[in-house]
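Asker: Take a look at this one; I'll ask things after.
The values are calculated or read from the model by the stated rules, or taken from the named source; none is laboratory data. Computed from a predicted model, the values in this text were never measured in an experiment. Every residue, glycine among them, receives a Cβ derived from its backbone with ideal geometry; neighbour counts consider all protein chains shown.
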Amino acid sequence: MIEVRFHGRGGQGAVTAAEILAKAAFEDGKYCQAFPFFGVERRGAPVMAFTRIDDQPIRRRYQVYKPDYVVVLDDGLLEVVDVFSGLKEGGKVIINTSNGVETTAGAEIHKVDATGIALDILGVPIVNTILLGAFASVTEAVSIDAIIKIIKETFSGEVGEKNAKAARLAYEAAKKG
Amino acid sequence: MVLKVMSANQAIAEAVKLANPNVIPVYPITPQTTISEHLAKFVADGDMSAEYIRVESEHSAISAALGASGTGVRVFTATSSQGLALMHEIIFAAAGLRAPIVMADANRALSAPLSIWNDQQDSISERDSGWMQIYAENGQEALDSILIAYRVSEDHSVLLPSMVCIDGFILTHTVDPVDVPGKGDVDKFLPPYKPDHAYLDPKRPMSIGTFTDPNYYMEARHDMELALEGAKDVITKANSEFAEIFGRKYDFIEKYRSDDADTIIVAMGSICSTIKDVVDEHRDNGEKVGLVRVRVFRPFPTEEIYDAIKGASNIGVLDKNISFSVGGVLHNEINAKMDVKANGFIVGLGGRDIKPTHINEIIEKTKNTTKTTQWIGLNKEEV
C-alpha cells in the first residue's frame, strides 16, 4: 500500500489534490481512498489530506502517520508543521518552494516552483494540480495521463485545460530533474 | 457493476436521487453540507423533480419533512450534531406520528466544547425516539442503507422513520470506490410510496397529531414499540431481496472472523474497517480475535448480538459516545440485555483518531473480564 500525506493551508486545494490523486490511481486500475483532516474551518489554517493506493480494497480509516510520500503546497508550513513526521525510510517529499530547503536525513526532497508555474499559466497561485504533475514524475505511483484526465473531469472548460497544461509542464520539468 | 470514486455524502445523495423523494427540506451543517449541495444541484439541473425547501433551521427542516410526510409522500432530509439536537422535539413527533421519513445523520460531536469532528453522541442521544437507526461502515453501505431504510420505513406494518448514520469526515469526506445501482433495479426494490390511511388529503379531511388524553397515549406508544420490534422481520425480508437484486447482503450485525473467537470486539460504523485489519493481524499470529459489527442499532438486535458473542471469553464494546456516569450506551445495552460480562471502551470522541495501537490496547484490556468502562486514547497528561 502506498500512503501519501498532503500539507496545505485551507483554500489551497490540498483536499482536492488528494481526491484527484485517488481518482487517478483508480483510473490506473488501483483501489484508492482519500480524506481530509481540517484544522479549524477557515482559509489559511494548516490542513492535511491523505491518499491511500493499493492493489487490494482499502479498509483502514485512520490518518496516515507513516507516509511513503509527502506533498507540501506551501513552504511556509515548514516552520509550523513537522511535514517530515513519520516519513518512511527512503520516502520522498515534494515541496512547493522557490527557496532552499534544509535537507532532512533520510528524506529525498524534490523542490518544485509550483507557484511560479501557477502564476505563469493559471494567473493565480493555486498549485495543487501542478504538484500532482510533479508527483506522478517523482513517484511513478500514478500515471500522468490519469492525472490529466481527472484534472479535466474535476475542472471544466478552460480552467481544466490550463490546470492540465500546468500539471504536464511540472511533470516534464521533474523528469529532467 | 461500475465503480465510481466518491464520498459517502455523494453516495447518499446518489441514493436519494434513485429513491426519488417528492420533498427535500434541508439545512446545511458541517459535515453534512455536501449532501444538501449535491441534492440542490440534482434538483436545479432537473435530474430530480423533488421540491427542495431551503429552510431557516434544522427545526424547520424536520418540521417541513414531517408536514410533507403527513401528506403521504416520500421525504428526505439530512443533518448533523447541533442540527440533530435542534430537531430533537420533532424527532420524537415524527416517530409518534408514524411518518416514514428517511434522514441521513453525519455523525459529529455535540458542543461543548464545540467540535466539528466525528463521534456518535448526536444520533445515540436520539435512541429513545422510536426512529430506526442504521450505522454504515463505508460509502457503499451508506448508499445501500438509504434504499433499505425507505423500504422498511414505508412498510405499512412499520411506518416509523429511519436515520442512516455515517461517521463525519471519516465517511462523509472520504472518497473511495462506490457502485451506484441502476434506476431499474432500484425501482424493482423500492416501488413508489403509497400511503395507507392516515394522510392529509383535502378530499378526505382528517386531523393528524391531535391532543391525546390518558385514555389513549399509552396505546399509541405501545403500538410504536410493537412496530419497531415487528420491523425486524421487515428488515430481514428487505435485506434478502436487496441481496437478490444488488448482490450485497446486509444483516442486523456483521460477524467478522468471530465464530470461533475467544476475544470479540463489538463496534459500530467506520471504525470497524480498521478493526478488521487488526483482527487479520491477530489471526495471522494464531490469536482467535474477531469483530461483531452492529449495523442496525434500533430496533436493537439483542438475539443476533448475543448469539454472536456468547461463546467468547473476552468481550470489548467500543462506544463513540458517553452517557455520563453510566458509560458507553452500546456497552451498557449489551450488558443489560445479555448474560455476558463485556468490557466497555470509550473511543474517538470529538474526532480523536483511533489507531490500530488503540485497538490492540483494547484487545489486551478485554482479558480482564469486568463490566467496567475505560477511556482509550486520552492524552497522557490528562489521565
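Asker: Can you name the residue in segment A:39-69 that is modelled with pLDDT under 95 and under 16 Å from the mean Cα position of the chain (by Cα) and is also nearest to the other protein chains (Cβ to nearest Cβ) among such residues?
Answerer: Per the stated criteria, the residue is A:47.
Asker: Among the listed residues A:86, A:44, which satisfies the condition of being out of contact with any His (no Cβ under 6 Å at 6 or more places or on another chain), over 30 Å from residue B:140 (Cα atoms), in contact (Cβ under 8 Å) with a residue 24 or more places away in the chain and not aliphatic (A, V, I, L, M)?
Answerer: Selected residue: A:44, the only one of A:86, A:44 that is out of contact with any His (no Cβ under 6 Å at 6 or more places or on another chain), over 30 Å from residue B:140 (Cα atoms), in contact (Cβ under 8 Å) with a residue 24 or more places away in the chain and not aliphatic (A, V, I, L, M).
Asker: So residue A:74 fits all but one of (1) surrounded by 14 or more Cβ atoms within 10 Å (Cβ to Cβ); (2) closer than 18 Å to residue B:354 by Cα; (3) in contact with a strand residue (DSSP E or B) (Cβ under 8 Å, 6 or more places away or on another chain); what number is the exception?
Answerer: Going through (1) surrounded by 14 or more Cβ atoms within 10 Å (Cβ to Cβ); (2) closer than 18 Å to residue B:354 by Cα; (3) in contact with a strand residue (DSSP E or B) (Cβ under 8 Å, 6 or more places away or on another chain) one by one, residue A:74 breaks only (2).
Asker: So which residues in segment B:247-277 are over 21 Å from residue B:289 (Cβ atoms) and in contact with a strand residue (DSSP E or B) (Cβ under 8 Å, 6 or more places away or on another chain), if there are any at all?
Answerer: B:252
Asker: Give me the pairs, please: first residue somewhere in segment B:191-212 and under 26 Å from residue B:16 (Cβ atoms), second residue anywhere and of a type in the set (S, T, N, Q) and surrounded by 10 or more Cβ atoms within 10 Å (Cβ to Cβ), beta-carbon distance under 7 Å, and either six or more positions apart or on two chains.
Answerer: Qualifying pairs under 7 Å: B:199/B:71; B:200/B:71.
Asker: Give just the number: which of (1) basic (Lys, Arg); (2) in contact with a strand residue (DSSP E or B) (Cβ under 8 Å, 6 or more places away or on another chain); (3) more than 14 Å from every other protein chain (Cβ to nearest Cβ) does residue A:88 not satisfy?
Answerer: Among (1) basic (Lys, Arg); (2) in contact with a strand residue (DSSP E or B) (Cβ under 8 Å, 6 or more places away or on another chain); (3) more than 14 Å from every other protein chain (Cβ to nearest Cβ), the lone unmet condition for residue A:88 is (2).
Asker: Within segment B:257-305, track down each residue that is within 24 Å of residue B:163 (Cα to Cα) and without any contact (Cβ under 8 Å) to a residue 40 or more places away in the chain.
Answerer: Result: B:291, B:292, B:300, B:302, B:303.
Asker: Within the bounds of segment A:132-141, is there any residue that is modelled with pLDDT of 95 or more and surrounded by fewer than 16 Cβ atoms within 10 Å (Cβ to Cβ)?
Answerer: Let us first name the residues in segment A:132-141 that are modelled with pLDDT of 95 or more, namely A:132-141.
Subset that is surrounded by fewer than 16 Cβ atoms within 10 Å (Cβ to Cβ): A:140.
Within segment A:132-141, one or more residues are modelled with pLDDT of 95 or more and surrounded by fewer than 16 Cβ atoms within 10 Å (Cβ to Cβ).
Asker: Kindly establish whether residue B:260 is surrounded by fewer than 21 Cβ atoms within 10 Å (Cβ to Cβ), of a type outside the set (A, V, I, L, M) and not in a helix (DSSP H, G or I).
Answerer: Against the criterion (surrounded by fewer than 21 Cβ atoms within 10 Å (Cβ to Cβ), of a type outside the set (A, V, I, L, M) and not in a helix (DSSP H, G or I)), residue B:260 qualifies.
Asker: I'd like to check something: does segment A:10-21 contain any residue that is within 10 Å of chain B (Cβ to nearest Cβ), of a type in the set (Ser, Thr, Tyr) and closer than 26 Å to residue B:117 by Cα?
Answerer: No; the residues of segment A:10-21 include none that is within 10 Å of chain B (Cβ to nearest Cβ), of a type in the set (Ser, Thr, Tyr) and closer than 26 Å to residue B:117 by Cα.
Asker: Please give the number of the condition residue A:34 fails out of (1) facing chain B (nearest Cβ under 10 Å); (2) small (Gly, Ala, Ser); (3) under 24 Å from residue B:115 (Cα atoms); (4) in contact (Cβ under 8 Å) with a residue 24 or more places away in the chain.
Answerer: Result: residue A:34 passes all but (4).
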